[in-house]
1. Inside the stretch 278-303, can you point out the residues that are within 19 Å of residue 414 (Cα to Cα) and not hydrophobic (A, V, I, L, M, F, W, C)?
2. Could you say whether any residue in the stretch 379-396 is open to solvent by less than 60 Å² (accessible area, probe 1.4 Å), aliphatic (A, V, I, L, M), at pLDDT below 95 and in a helix (DSSP H, G or I)?
3. Checking residue 128 against (1) out of contact with any helix residue (DSSP H, G or I) (no Cβ under 7 Å at 6 or more places or on another chain); (2) outside any strand (DSSP E or B); (3) modelled with pLDDT of 95 or more, which test does it fail?
4. Would you say residue 184 is surrounded by 14 or more Cβ atoms within 10 Å (Cβ to Cβ), assigned to a loop (DSSP other than H, G, I, E, B) and polar (S, T, N, Q)?
5. What residue, of 463, 373, 400, is in contact with a Lys or Arg (Cβ under 7 Å, 6 or more places away or on another chain) and in a helix (DSSP H, G or I)?
6. From the residues in the stretch 122-141 that are open to solvent by 70 Å² or more (accessible area, probe 1.4 Å) and free of Cβ contacts under 8 Å to residues at least 60 places away in the same chain, which one is nearest to the chain's Cα centre (by Cα)?
7. I need a count of the residues in the stretch 291-310 that are in contact with a helix residue (DSSP H, G or I) (Cβ under 6 Å, 6 or more places away or on another chain), of a type in the set (A, V, I, L, M) and open to solvent by less than 10 Å² (accessible area, probe 1.4 Å).
8. Given (1) surrounded by fewer than 24 Cβ atoms within 10 Å (Cβ to Cβ); (2) touching a residue at least 60 places away in the same chain (Cβ under 8 Å), identify the lone condition not met by residue 439.
Amino acid sequence: MTPLTPTRRQLLALLGVGSVAAVAACAGGKGSTSTDGRIRLAMLQPPRSGLNPLSDDAFKLSRWSCGETLVTLDAEGNALAALATEWERVDELTWRFTIRPGVTFHDGTALSAQSVADALTFAAGYSTPPRILDGVELKASAEGESVVITTGTPDPLVPQRLSSPQLTILAPAAYPQDANGAVNPVGYGTGPFKLTAVDGTAAATLERYDDYWGDKAMAPGIDVTFVPDGTARGAALRTGTADIVEAVPVSQVATLDAALLHEVPMPRTATLYLNTSKGAFADPAVRAAARNAVDPQALVETVYEGHADVAAGLLGPALPWAGELRAWGQEPYAGADGVAASGSVPGATTTGSVPAGTTVTLGSYTDRPELAEIVVLLAQQLQAAGFTVTQDVREYAQIEADALAGSFDAFLLSRATVLDSGDPVAYMVSDFSSTGSFSLSFLKDTAVDDALAAAGALEAGAERRQATMAAEQLILASGAAVPLLHERVLQGEAATVTGAERDPRERALITAATKVGA
C-alpha cells in the first residue's frame, strides 16, 4: 500500500481556518444562535440562472421545499405521490396522472390539471429544455382532473422523469409568454416554504406558507446565503452563524465538532476509464494489469482522509440495492494486492502483464482538486507495475474534447451514476454502450449493449434493478473501467437542528419537519 502522507487539505487546515468575520457578514451578522426559529442555511453554489427551475437551479428550490413535482422518489428510485396522487400506464406511449385536489400556489391560485399540463408543455418547448427531457418527445394535456402524458417512443421511466426538480410545477404567472424568457419562481411554488426574495447570487429568503396542502412547516422561514468558499462554510458552522451547512470540506473536519458533521453517501463514483479502442489498453491483459496495480484504499485514506468508500462496483452505497444484488458481494472491486481485483467478477480477465516500454497517458481535470491528487498517486501505482505514465491535468472545459476524442489511454473522472431520473441505466448507456454519447472507454461490446437495452426497456422496480446489475457485471468484466471510490459529502448541522434531510440525490434538505431549537 502507498505510504500515507499529509494531504493538501490537511496542510491547509494546519495553516488556517478562514475568516470568521467574512462568514458572519455573509450570514447577515445574525449572531451565533438563532433566536426566532428561522433556519440559517449556508449553501455551496450560488444560482447560475436566477433560480430558473428549468436549469440546475431547480435543485435549490427542491432543497428549500419551495418547488414541488408531480412525484418524488424513495431510496430505491420508486415513484411516490406528491402533486399527483396516482398514475397508470395507459399504453406504451401514454401515462395518466391524477392531480392532487386542494393545492394552491404561493400566489393563491389553485393547482389544476390544466396548470400542470401548461407547465410541462412550457418545459418541453423551452429554448433550452430541461436535461431530464433530452431526447424525449413529451406532450401533456389536461383531461378533467388528470394530466395525460404522451411520449414519442416507449418510455418506462416517465414517473421517474417527472420527479426531477427541473420539472417543478409553478403557478401560471411564473412562466413568460415566449420560450426564450426567464421563468420566475419567486412567490409561485407550492411547497411548505414560499420564496419571497432573491438577492442575486448572495442570498435568498423564504417564509412559511400557511396554506400548504400538507403538514405545515415547523420553522417560520429560511435565510439562505451562498458561500462558495469551503473554509468560510466550515467557519459558519463552527461559529454558529449558520444552522445547516452544505458540503463541509474535508480540510475543515479537524476544526469542527464531529457531532455536527453527518456523512452522506453520494451517487458519484471516481472511475478510471481505460481506452479500449487503441493503445496499450486495447489489450484486455494490459487492462487487467492496470486494474490490479491500483490501490483504491490508499486513495481513500490519503486524498479523502477516510471520507469516501472503496468501490465495490460502478454503483455505490448511495444506491443500497446495488450492493444487495451484486453477484460478487461487497468486497472492493480493485486492489493492489490482487485479493479483490476484478477477477472476482465473472468473465473478467484475471491476470495480465505489462510489456516492456509500455507508455500510457493519464488525464484528468482540476475542477475537482482531489482528482489532481489522485492522478499523482495513480501514476505512482501504475509505474510500480511497470508502466511509464505521462500525466495531463487541465481545467475540464479545456480537456473534455480531447477526452471524448480518445486522446488519452486512461482518464480519471468523477461521475454521477444516477442522472435526473434517479436511475443508473442512462449513465451506463451514455458511458459504456457502443453508441454512448460520453464513452471515454470507447467500449464496443455486444453483450454489454444487449444487457443495457434489456434493462432500459423495463419499468422501475425489482426486475429493472436486477437487469441493471447484470449490465454492471458485464461492463466491469470488459475491463473498460476501474471504479476506485464512491464519494461522500459532509453536511453540517448545528446541535439545535432536527429534521434536516440527508439526501444522496441532493433533492431534499429542509422540509416541513426541519426546525431549530425546541
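The values are calculated or read from the model by the stated rules, or taken from the named source; none is laboratory data. These numbers come from a predicted model, not from an experiment. A quick note on method: Cβ atoms are made from the backbone with ideal geometry, for glycine too, and the neighbour counts reach across all protein chains shown. For the accessible areas, the whole protein counts, side chains as well, though only heavy atoms, and no ligand, DNA or RNA atoms are used. Shrake-Rupley method; radii C 1.70, N 1.55, O 1.52, S 1.80 Å.
1. Our first condition is that a residue be within 19 Å of residue 414 (Cα to Cα); within the stretch 278-303, this holds for 290-291, 294-303.
Across the stretch 278-303, the qualifying residues are 291, 295, 296, 297, 301, 302.
2. The answer is no, given that none of the residues of the stretch 379-396 is open to solvent by less than 60 Å² (accessible area, probe 1.4 Å), aliphatic (A, V, I, L, M), at pLDDT below 95 and in a helix (DSSP H, G or I).
3. (3)
4. Details: surrounded by 14 or more Cβ atoms within 10 Å (Cβ to Cβ): yes; assigned to a loop (DSSP other than H, G, I, E, B): yes; polar (S, T, N, Q): yes.
The answer is yes for residue 184.
5. Details: 463 fails: in contact with a Lys or Arg (Cβ under 7 Å, 6 or more places away or on another chain); 400 fails: in contact with a Lys or Arg (Cβ under 7 Å, 6 or more places away or on another chain).
Just one listed residue meets the conditions, 373.
6. From the stretch 122-141, those open to solvent by 70 Å² or more (accessible area, probe 1.4 Å) are 128, 131, 134-135, 137, 139; that's our starting set.
Keeping just the survivors that are free of Cβ contacts under 8 Å to residues at least 60 places away in the same chain gives 134-135, 137, 139.
Working: 134: 17, 135: 20, 137: 24, 139: 27 Å.
Step by step, filter the stretch 122-141, then rank; the result is 134.
7. Count: 4.
8. Here residue 439 meets the rest and fails (2).
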